[in-house]
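All remarks here apply to the structure that follows.
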Amino acid sequence: MGHLRELRSRLVRAVLAIAVGTIIALVFYDPVLDFLTRPYESIQPLLLERGIDSELVITGVGGALQFQLKISLVVGILLSSPVWLWQMWAFVLPALHRHEKRWALLLTATGAPLFIAGAALAYLILPKAMDVLIGFVPDGVGSLITGAEYFNFIIRMLLVFGVAAEIPLVVVLLNRIGAVSAAQLANARPWIVIGIFVFAAVATPTTDPLTMLFLAVPMTVLYLFSEIIAKLTDRKRRKVAAQTALGDDELSPLDD
């Protein structure tokens with residue numbers, strides 16, 4: 001019952017933090033909306049030069065309110081993420097051993113910057129991605145993009161690139177717990193690289209190879225970097241095992 005009361009308390013704090021973050025996002029809705037629509041606005045002159053009349057619209061009587069609430073909620077979750085993530089960790093950490101706590105905190109501190117870096121890369125290539133997709137509009141046909149579709153497209157791109165940036169974290173974690181070794185990673189490297197490019201082709205909503213390369217190349221580099229870390233970890237693990245075995249051999253005559 002004590003654990004359940006603590007869980008309830010931490011869930012309440014997390015929900016309150018998300019609510020406060022959502023209210024802050026509602027207050028600063030105009031700057032947030034300007035930030036989100038900037039990639040689309042940057043390609044409008046290029047579309048007009050090619051004779052493509054494209055416009056971002058909101059449909060329905062309550063469409064504008066739903067659009068504003070949806071954006072504010074997502075931004076509120078992001079703003080309050082340090083609070084509700086800490087509430088999750090604070091509930092789990094007492095059950096972990098000392099070395100597990102150290103690794104958990106290290107992985108958390110590494111994962112957040114990697115995700116942000118991946119999402120930032122996605123934001124930078126959003127204009128190119130939208131330019132390619134809207135460029136398929138035939139001559140003489142206008143393009144109306146609803147706010148919901150546009151927001152979903154942006155969220156998908158940010159999430160795909162952000163999650164893809166977590167590859168080294170996952171590989172290092174699997175190596176750390178002994179699930180895979182550096183030798184296994186090296187042997188599977190060709191297939192993993194092929195899988196990365198297949199994932200990039202499927203995950204990116206565009207059809208041009210440039211956007212796919214923007215996702216696949218960083219993922220491949222991060223995987224190779226994680227393979228190097230796994231190799232160093234295995235080397236250290238073998239060294240510790242050899243020292244332990246040597247110490248046991250030296251003590252065995254005394255034990256006899």
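The values are calculated or read from the model by the stated rules, or taken from the named source; none is laboratory data. From a predicted model like this one, the values you see are computed outputs, not experimental measurements. Glycine gets a Cβ as well: all are built from the backbone with ideal geometry, and neighbour counts include every protein chain shown. The accessibility values were calculated without ligands, DNA or RNA, using every heavy atom of the protein model including side chains. Shrake-Rupley method; radii C 1.70, N 1.55, O 1.52, S 1.80 Å.
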Residues being surrounded by 15 or more Cβ atoms within 10 Å (Cβ to Cβ) and not in a helix (DSSP H, G or I): count how many of those fall in region 153-179. 2
Collect the residues in region 187-213 that are in contact (Cβ under 8 Å) with a residue 24 or more places away in the chain and open to solvent by less than 40 Å² (accessible area, probe 1.4 Å), keeping them in residue-number order. V193, I196, A200, A203, T204, P205, T206, D208, T211
If L7 satisfies all but one of (1) open to solvent by less than 90 Å² (accessible area, probe 1.4 Å); (2) within 24 Å of A122 (Cα to Cα); (3) touching a residue at least 12 places away in the same chain (Cβ under 8 Å); (4) more than 24 Å from the chain's Cα centre (by Cα), what's the number of the condition it fails? (2)
Return a yes/no flag: does region 11-27 have any residue that is open to solvent by 100 Å² or more (accessible area, probe 1.4 Å), of a type in the set (K, R), within 30 Å of L107 (Cα to Cα) and out of contact with any strand residue (DSSP E or B) (no Cβ under 9 Å at 6 or more places or on another chain). yes
The one condition A216 fails out of (1) at pLDDT 85 or above; (2) under 21 Å from M130 (Cβ atoms); (3) open to solvent by 50 Å² or more (accessible area, probe 1.4 Å) is (3)
